[in-house]
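Undergrad: Below are the structure tokens for one structure; questions will follow.
The values are calculated or read from the model by the stated rules, or taken from the named source; none is laboratory data. Nothing here was measured: the structure is a model prediction, and the numbers come from that model. Cβ placement follows ideal geometry from the backbone for every residue including glycine, while neighbour counts extend to all protein chains displayed. These accessible areas exclude ligands, DNA and RNA; they are computed on the full protein's heavy atoms, side chains included. Shrake-Rupley method; radii C 1.70, N 1.55, O 1.52, S 1.80 Å.
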Amino acid sequence: MKRKLLWTGIAVFMTVLLLPSLGCAKMVEKFKKKGTNPLVHSNYPYEPDTPAPAPHEGTFVSDHGTMTFNGDGKSVVIDFDGTLAKATGLPAGRQEASYQFLSGDIPPQRKIPIRYDVAMYISLSAGGNSSVLAVGLVEENGSTSTGTGCTTADRITFIDVELDGKPGVNFIKTADAAPRPSPATAKEDGSKKDSSGMSEARQRETAASLSTKENAKEKEFGWFTRTTYSRTGKAAPDGTTRIDNMPLLLNGGWKCFMCGEGNSYTGTDARVLNAELKTDGKSVILKLNWWRVLNPSVEGIEDESDMPPTICNGTWNGKSSSVHFVSDMGNVDLTDFYISADGDAEYATGTFSWCSGEQDYFAMVRGKVAAGSSKPVKTNKPTKDELLLSRAKKRSGAPEAELEWNPDGTATIHLFETVDDGDSDSHVSTWDWYTIDPATMTGTDFMEMPVDLN
């Protein structure tokens, strides 16, 4: 009897043991036919039972840039200033990018794509660079939250980025896209209009009125060198609007300025030259007429006017409103174009990549440059201005100085001298750039060495 019970128990045990194996074998066979592997375990983050929200669409604005989503859930145009670009590891200026909202780390997949209303991160890729940034909500006391409900249809916050002494960078959706430049009302002449609403005829007329053959002068590019070398943000002049999809508005003559990137301006050759731009709205030709090299380190100039013009050929990119040119000397990328509110001045910025591998900043301007674009901004602290300028000139030995107040309360001081070139012409020779905290009268020079004006 005991032997019978023993064998019965063994039979029951083997049945219990084999049934899952048989079931597993059948399941494996079933999934083999479907081409999947049931033995690979996958974890998934929480997602609500509610329908997923529609992808972001429209322009989201922060103090340091914009993000414009087209609603496809994949594409975005970012336009970050230098400060935000450095903090995020992404390129500055207008860039076509791709994006994904991601979960937190889920083994074994780690972060995986997920709907934005429960996301903890956003992945942005632009210009060959990719960054994964934490998104969520920053409270008034500085504490942060992430995950469910923290990213909304109208707000995206980079919670781990700290700028201007404040935690988090908020991108808030604007009611409408930024207005396009309209320096004059388009004529009702029946001519074709582009997406800006300005007729082609009006674009050509405005471009012709701004076109110039005058020699470029360095002092006309204060709006560019001040922001570029003092690292105070974007190079766009105050009171301007970005030119989008209006290539015919760029035809004609321009004044140009070039200077070294990544080096102290006081020891780098700079160039002033002129350019002629011709476009039919698709192909673009940029003719560079070389003129002078300015070398502040030796306080001299070099005449380049005997050099043959450089012809740069490019194609207008309607999506990014930019041009990439190719020439025998190197490549030119004009990435941003601006026009003043009154339509009396135009500006352009970009880079010149020499065949040698070096890269220069590149800027163009024409028309009536606003006084505030190349002169210090007026403030309500004249006594403090005078004290800062006087002490900065005394410390550096520079004969001239100008000052601009920054949004964070610091002051940027440009130290320079005006050099007479003869024939009623001159150029500005820069000595240094100081960034000073007026509360302590201390700061740094362009090379980020300490400066004490006490």
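Undergrad: Filter region 300-321 for residues that are in contact (Cβ under 8 Å) with a residue 60 or more places away in the chain and open to solvent by less than 20 Å² (accessible area, probe 1.4 Å) and give the result. Full working, then the answer.
TA: Narrowing region 300-321 to residues in contact (Cβ under 8 Å) with a residue 60 or more places away in the chain: 301, 316, 318-321.
Passing the criteria: 320, 321.
Undergrad: Here's a follow-up. Which ones in region 206-220 are touching a Gly at 6+ places or on another chain (Cβ under 6 Å) and open to solvent by 90 Å² or more (accessible area, probe 1.4 Å)?
TA: Across region 206-220, the qualifying residue is only 213.
Undergrad: Moving on. Tell me which residues, restricted to region 432-454, are of a type in the set (Phe, Trp, Tyr) and modelled with pLDDT of 85 or more. Quick ask: steps written out before the conclusion?
TA: Let us first name the residues in region 432-454 that are of a type in the set (Phe, Trp, Tyr), namely 433-434, 446.
Answer for region 432-454, where residues must be of a type in the set (Phe, Trp, Tyr) and modelled with pLDDT of 85 or more: 433, 434.
Undergrad: Based on what the data block shows, is residue 417 at pLDDT 85 or above and in contact with a Ser or Thr (Cβ under 9 Å, 6 or more places away or on another chain)?
TA: Details: at pLDDT 85 or above: yes; in contact with a Ser or Thr (Cβ under 9 Å, 6 or more places away or on another chain): yes.
Criteria met by residue 417.
Residues are listed down the side, and each one gets a yes or a no for (1) of a type in the set (Phe, Trp, Tyr); (2) modelled with pLDDT of 85 or more; (3) farther than 21 Å from residue 436 by Cα; (4) touching a Cys at 6+ places or on another chain (Cβ under 8 Å):
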position: 353; (1), (2), (3), (4): no, yes, yes, no
position: 357; (1), (2), (3), (4): no, no, yes, no
position: 364; (1), (2), (3), (4): no, yes, yes, yes
position: 369; (1), (2), (3), (4): no, no, yes, no
position: 375; (1), (2), (3), (4): no, no, no, no
position: 378; (1), (2), (3), (4): no, no, no, no
position: 383; (1), (2), (3), (4): no, no, no, no
position: 390; (1), (2), (3), (4): no, yes, no, no
position: 395; (1), (2), (3), (4): no, yes, no, no
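Undergrad: When you scan region 123-144, how many residues do you find that are touching a residue at least 24 places away in the same chain (Cβ under 8 Å) and either under 10 Å from residue 159 (Cα atoms) or in contact with a helix residue (DSSP H, G or I) (Cβ under 8 Å, 6 or more places away or on another chain) (or both)?
TA: 8
Undergrad: Sticking with this one: Go through region 309-360 and tell me which strands (runs of 3 or more DSSP E), entirely inside it, have 1 or more residues that are over 17 Å from residue 278 (Cα atoms) and of a type in the set (S, T, N, Q). Even if it seems obvious, please write down each step before you answer.
TA: On the way: elements: 310-317, 322-326, 330-340, 345-354.
Because the criterion is at least 1 residues that are over 17 Å from residue 278 (Cα atoms) and of a type in the set (S, T, N, Q), the strands (runs of 3 or more DSSP E) in region 309-360 that meet it are 330-340, 345-354.
Undergrad: Could I ask something else about it? Which of the residues belonging to region 420-431 are open to solvent by 30 Å² or more (accessible area, probe 1.4 Å) and touching a strand residue (DSSP E or B) at 6+ places or on another chain (Cβ under 7 Å)?
TA: Matches in region 420-431: 420, 421, 426, 431.
Undergrad: For region 137-151, what are the residues that are open to solvent by 40 Å² or more (accessible area, probe 1.4 Å) and either touching an Asp or Glu at 6+ places or on another chain (Cβ under 6 Å) or under 25 Å from residue 49 (Cα atoms) (or both)?
TA: Quick first cut of region 137-151, residues open to solvent by 40 Å² or more (accessible area, probe 1.4 Å) only: 137, 139-141, 143-146, 148-149.
Of everything in region 137-151, those that are open to solvent by 40 Å² or more (accessible area, probe 1.4 Å) and either touching an Asp or Glu at 6+ places or on another chain (Cβ under 6 Å) or under 25 Å from residue 49 (Cα atoms) (or both) turn out to be 137, 145, 146, 148, 149.
Undergrad: Search region 383-394 for residues that are over 18 Å from residue 446 (Cα atoms) and pair each with any residue that is surrounded by fewer than 16 Cβ atoms within 10 Å (Cβ to Cβ) when their beta-carbon atoms are under 8 Å apart and the residues are at least 6 apart or on different chains.
TA: Taking only residues 6 or more apart or on different chains, the pairs are 385/379.
Undergrad: Residue 421 passes all but one of (1) within 28 Å of the chain's Cα centre (by Cα); (2) in a strand (DSSP E or B); (3) charged (D, E, K, R); which number fails?
TA: Against the list (1) within 28 Å of the chain's Cα centre (by Cα); (2) in a strand (DSSP E or B); (3) charged (D, E, K, R), residue 421 comes up short only on (1).
Undergrad: From the residues in region 159-181 that are charged (D, E, K, R) and outside any loop (DSSP other than H, G, I, E, B), which one is modelled with the lowest pLDDT?
TA: Here is the first cut: in region 159-181, the ones charged (D, E, K, R) are 160, 162, 164, 166, 173, 176, 180.
Filter once more, keeping what is outside any loop (DSSP other than H, G, I, E, B): 160, 162, 166, 173.
Details: 160: 89, 162: 87, 166: 81, 173: 85.
The extreme case among them is 166.
One line per residue, one yes/no per condition, for (1) open to solvent by 10 Å² or more (accessible area, probe 1.4 Å); (2) part of a strand (DSSP E or B); (3) touching a helix residue (DSSP H, G or I) at 6+ places or on another chain (Cβ under 8 Å); (4) at pLDDT 90 or above:
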site	(1), (2), (3), (4)
263	yes, no, no, no
286	no, yes, no, yes
292	yes, yes, no, no
298	yes, no, no, no
